[in-house]
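Student: Here's a structure for you.
What follows draws every value from the coordinates through simple rules; no lab data is involved. Everything quoted here is computed from the prediction, not taken from an experiment. With ideal geometry, Cβ positions are generated from the backbone for all residues, glycine too; neighbour counts draw on all protein chains shown.
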Amino acid sequence: MNRTMRFTTTIRPLIPALLAAAVLSGCALAPTYERPATPQPAAFKELQGWAPAAPADALDRGPWWTLFNDPVLDGLVRQVEVSNQNVAAAVAAYSQARALVAQQRASLFPTVTLTGGANRNGNGGGNDNNNGRTSNSFRLNIGSSWEPDVWGRLRAGISAAQANAQASAADLASARLSAQGELAADYFSLRSVDAQRALLATTIEGYQRVLKITQNRFDVGIVPHSDVYQAQTQLASAQSDDLTLARQRAQLEHAIAVLVGKAPADFALAPAQWNVTVPDVPVGVPSTLLERRPDIAASERAVAAANAQIGIVRAAYFPQIGLTASYGPSASAIGDLFKASSMAWALGLSATETIFNGGANRAAVQGANAAREQAVARYRQTVLDAFADVEDQLNATRVLAQQQELQRQASEAADKVEEQVLNRYKAGQVSYSEVVQAQVTALNARRALVQTQGNRQTTAVALIQSLGGGWHADQLTAQE
């Protein structure tokens, strides 16, 4: 009872300091955060007059790549989530950022330690006073220290860590979207190459038939030998083009293998029917990009982290307050450790204030303010780049749609010309050089049409990426 009274009497003078620390705890020195202002046009310039009608939430209803209705693509893109090493690295970076948030939060709580020790002392017996006797000492102590967040420095650190974790989550979304988009673009390019090779296979068969016809006509003296040489040249050129496309296909297949986390030697993608689907991508208004592009969200969260950092460095102007406490026994024998007479306790309150450091605090605050301005400038530049990216893809989408129709008409006309010229050649009405010219024109027109169809699909992928791929900034807070 007496020990309790003495403890209460001793701690009573510290109560005002403890209450003051609790009242002042959480004072915020960081500036009130507001998202930096950015240009926000009412509508995209390239969207006027042609935008297809589509539900505004079409990209939110499921994985964006399913809009292309290609089961093979669906299976490949889903492997990116679990096998792509760039995405795996982004996942690890996000986990690290979340761990830092937990570490910062832990600083708000007291640190409790338990220590113990044992010492044995003695001498050689040369001193008559102690007769060579030895002595033992044992101690066991539980201690605690706590730094109350009087000036909000610790909470500012938590805010900065949370903003950095959210930026890391947005970076993860960007890495995932980039890998998915690159895979889809490579896949459509590969299917375009397959379609061109199929065209060339048909063309080569036709060239072989024409070469045989020309050789027969030469054998009977109807045409000169130069016609045979020209037919052979056409055939060899087409076969060479096919080898070039085969090399391109192999490179695309290797790229897809890496994107799904496999060695190229362990991956193969067989030719298949090409589903030339170009979805109508809902665009919306420019302001939605601020919430739907993960790179913009990451840049904005970097501004928030820089803003919180200002509060951290401002806290250096104020005293650093700490509270300590300890309680434990000390005795010369282990059996005496837990006796009441062996117990000792201590409480402490400390405050540290920097009197002079050559203007280091002022320089740190100026540096933090400059870092925030740098983050703001980068955020605004990211927003402008995003607007330009969408405008570019919208323009490409419109132009490619118009080009496809024109190239379809050109290909149909070139096919008719090739057929007519070849019939006239068989009738002996035109020279073989006209046949060659018609064949080259027809083949180029067919390949250009196929290439444009592939470009329309890859441009649709790029447009979806530029719009955020169905991602939304609300996912950042949902993951906390």
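Student: Which order do Trp471, Trp345, Trp146 fall in if you start with the one that has the fewest other Cβ atoms within 10 Å?
Tutor: Details: Trp471 22, Trp345 15, Trp146 18.
In increasing order of surrounding Cβ atoms, one gets Trp345, Trp146, Trp471.
Student: Mind ranking 260-272, 96-108 by how tightly packed they are, going by the mean number of other C-beta atoms within 10 angstrom, highest first?
Tutor: Details: 260-272: 12.3, 96-108: 15.5.
Packing order, densest peptide first, comes out as 96-108, 260-272.
Student: Report the charge-dipole magnitude of the range 347-480 in Debye, nearest 20, computed about the Cα centre from +1 at each Lys and Arg Cβ and -1 at each Asp and Glu Cβ.
Tutor: Numbers: 12 positive and 14 negative charges, 67 e Å.
For this selection, approximately 320 debye.
Student: I want to check the label-to-label distance for Ser95 and Ala388. Put each point 7 Å from Cα in the C-beta direction and report it in nm to one decimal.
Tutor: For Ser95 paired with Ala388, the spin-label model returns 3.8 nm.
Student: Just name one of Ala88, Asn69, Phe188: the one whose Cα is farthest towards the positive end of the charge dipole of the chain (beta-carbon charges, Lys/Arg +1, Asp/Glu -1).
Tutor: Ala88
Student: Which of Tyr317, Tyr187, Tyr207 has the fewest other C-beta atoms within 10 Å, and how do the rest follow up to the most? Each step should come with its number before you reach the end.
Tutor: Values: Tyr317 14, Tyr187 26, Tyr207 23.
Result, fewest neighbours first: Tyr317, Tyr207, Tyr187.
Student: Could you put Thr458, Thr397, Thr354 in order, starting from the residue whose Cβ has the fewest other Cβ atoms within 10 Å?
Tutor: Fewest-to-most ranking of Thr458, Thr397, Thr354: Thr354, Thr458, Thr397.
Student: Next up: When the helix-only estimate is applied to the chain (DSSP H runs of n ≥ 4, each -39,500 (n - 2.57), divided by the residue count), what is the mean residue ellipticity at 222 nm, nearest 500 deg cm²/dmol?
Tutor: Working: 11 runs with 289 residues, N = 480.
That calculation yields -21500 deg cm²/dmol at 222 nm.
Student: Moving on. Report the local net charge at Leu76: Lys and Arg +1, Asp and Glu -1, summed over other residues whose C-beta lies under 10 Å from its C-beta.
Tutor: Local net charge: -2.
Student: Next question. What translational diffusion coefficient, in µm²/s and rounded to a whole number, does the Stokes-Einstein relation yield for the range 347-415 at 25 °C and a viscosity of 0.890 mPa s, taking the hydrodynamic radius as the Kirkwood radius over Cα pairs?
Tutor: Values: Rh = 18.1 Å.
In µm²/s, the coefficient is 135.
Student: Under unit Cβ charges (Lys, Arg +1; Asp, Glu -1), what dipole magnitude, rounded to 20 debye, does the chain have relative to its Cα centre?
Tutor: On the way: 40 positive and 40 negative charges, 381 e Å.
With Lys and Arg at +1 and Asp and Glu at -1, about 1820 debye.
Student: Output the relative contact order of the chain, whole-number percent, from Cα pairs under 8 angstrom with separation of 6+ residues. Walk me through the numbers before you get to the answer.
Tutor: Values: 643 pairs, mean separation 121.6, N = 480.
Worked out over the chain, it gives 25 percent.
Student: At what distance in angstrom do the alpha carbon centres of the range 175-206 and the range 289-324 lie from each other?
Tutor: Rounded to whole Å, the Cα centres lie 46 Å apart.
Student: Say the dipole of the chain comes from +1 at the beta carbon of Lys and Arg and -1 at that of Asp and Glu; which of Val440, Leu235, Val461 then lies farthest toward its positive end?
Tutor: Looking along the dipole axis, the top candidate is Val461.
Student: Another question about this same structure. If you fit an axis through the alpha-carbon atoms of helix 432-466 and take the longest principal axis of the Cα set of the chain, what angle between them do you get, 0 to 90°, nearest 10?
Tutor: So the inclination is approximately 20 degrees.
Student: So what J values fall out for the range 216-223 if you push phi through Karplus, 6.51 cos²θ - 1.76 cosθ + 1.60 with θ = phi - 60°, rounded to Hz, Gly and Pro as x?
Tutor: Coupling constants for the range 216-223: 5, 5, 5, 4, 9, x, 7, 10 Hz.
Student: Using the alpha carbon gyration tensor of the chain, what are the three equivalent-ellipsoid semi-axes (square root of 5 times each eigenvalue), largest first, in whole Å?
Tutor: Semi-axes, largest first: 78, 29, 17 Å.
Student: While we're on this one: To test your reading of the geometry: what angle, between 0 and 90 degrees and rounded to tens, separates the Cα axis of helix 2-11 from the longest principal axis of the chain?
Tutor: Its long axis makes an angle of about 60 degrees.
Student: Full-extension gain between Ala377 and Thr134, please, as 0.36 nm times their residue separation minus the C-alpha to C-alpha distance. Kindly include the intermediate steps, with their values, before the conclusion.
Tutor: Values: separation 243, 0.36 × 243 = 87.48 nm, distance 7.20 nm.
The Ala377-Thr134 span can extend by a further 80.3 nm.
Student: Relative to the longest principal axis of the chain, what angle (0 to 90°, nearest 10) does the C-alpha long axis of helix 360-426 take?
Tutor: 20 degrees
Student: Using +1 at the C-beta of Lys and Arg and -1 at the C-beta of Asp and Glu, which of Ala169, Gly284, Leu29 has the Cα lying farthest in the positive direction of the dipole of the chain?
Tutor: It is Leu29, whose Cα lies furthest towards the positive end.
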